[in-house]
Amino acid sequence: MIMIESMPLRWMLVLVFAGAGGWFLFRGLRPGSDGPPLGVTDRISHVAHALMAAAMVIMMWPMG
């Protein structure tokens, strides 16, 4: 069973989640150059959000 059958909608959501995941990954891994430095918990939170966004991209596509 495919939850989202519309290919344009599926691709749009893939781009949205990939963009958000990229932003969170960037925020979690970059050195703090502007603004207050990020703490360890902030970095872990950003990387966890990037992993969740990757999981959402994977869930867009049926397996098998």
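Derivation of every value follows stated rules applied to the coordinates shown; laboratory data play no part. Please read these numbers as outputs of a predicted model, since none were measured by experiment. Cβ placement follows ideal geometry from the backbone for every residue including glycine, while neighbour counts extend to all protein chains displayed.
Stretch residue 30-residue 10 to full length: gain in nm at 0.36 nm per residue minus the Cα-Cα span?
4.2 nm
In degrees, nearest 10, range 0 to 90: what is the angle between the Cα axis of helix 40-59 and the longest Cα principal axis of the chain?
It is inclined by approximately 10 degrees.
Could you put 4, 58 in order, starting from the residue whose Cβ has the fewest other Cβ atoms within 10 Å? Walk me through the numbers on the way to the answer.
Numbers: 4 14, 58 11.
Least crowded to most crowded, the residues run 58, 4.
Once amide H atoms are placed 1.01 Å from N in the peptide plane, what residues at a sequence separation of 5 or more from residue 38, or on another chain, have their amide H within under 5 Å of its amide H?
32
Just how many % of Cα pairs in the chain lie over 15 Å apart, if you round to the nearest whole percent? It would help to have the intermediate numbers written out before the result.
Numbers: 1124 of 2016 pairs.
I get 56 percent for the Cα pairs in the chain exceeding 15 Å.
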